[in-house]
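What follows is a single structure, written as structure tokens, with notes after it.
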Amino acid sequence: MLRAAAEATENVAADLIYGARRSWLALRTRRGLPLDALPTSKSADVDALVRARLAAKLRDRLVLTARGMDVYSAVVERLLP
């Protein structure tokens, strides 16, 4: 029974990690990341990235600009929950 619980916990953790990686990799694409994939608590950070011209809001997505791609790691760090 403990083994099943441990495996379930590992599966949940793996799913969370996979989902986070998918989200951050989406930022590296031309399509960007759906804005609803980010917690609402990060809306001020998103707006700051847009003001700094590191990202743009295109329809319902956050897309990094060329400048944003240059500092991708810093952008991701800012958007992490």
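Figures for the structure shown
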read-out: Residue under evaluation Ala52, criteria (1) of a type outside the set (Asp, Glu); (2) at pLDDT below 95; (3) on the phi < 0 side of the Ramachandran plot, criterion not met; value: (2)
read-out: Selection count, the stretch 1-45, where residues are within 14 Å of Leu80 (Cα to Cα), at pLDDT 50 or above and more than 11 Å from the chain's Cα centre (by Cα); value: 5
read-out: Tally, over the stretch 32-69, of residues that are surrounded by 12 or more Cβ atoms within 10 Å (Cβ to Cβ) and part of a helix (DSSP H, G or I); value: 12
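The values are calculated or read from the model by the stated rules, or taken from the named source; none is laboratory data. All values reported here derive from a predicted model rather than from experimental measurement. Backbone-built Cβ (ideal geometry, glycine too); neighbour counts: all protein chains shown.
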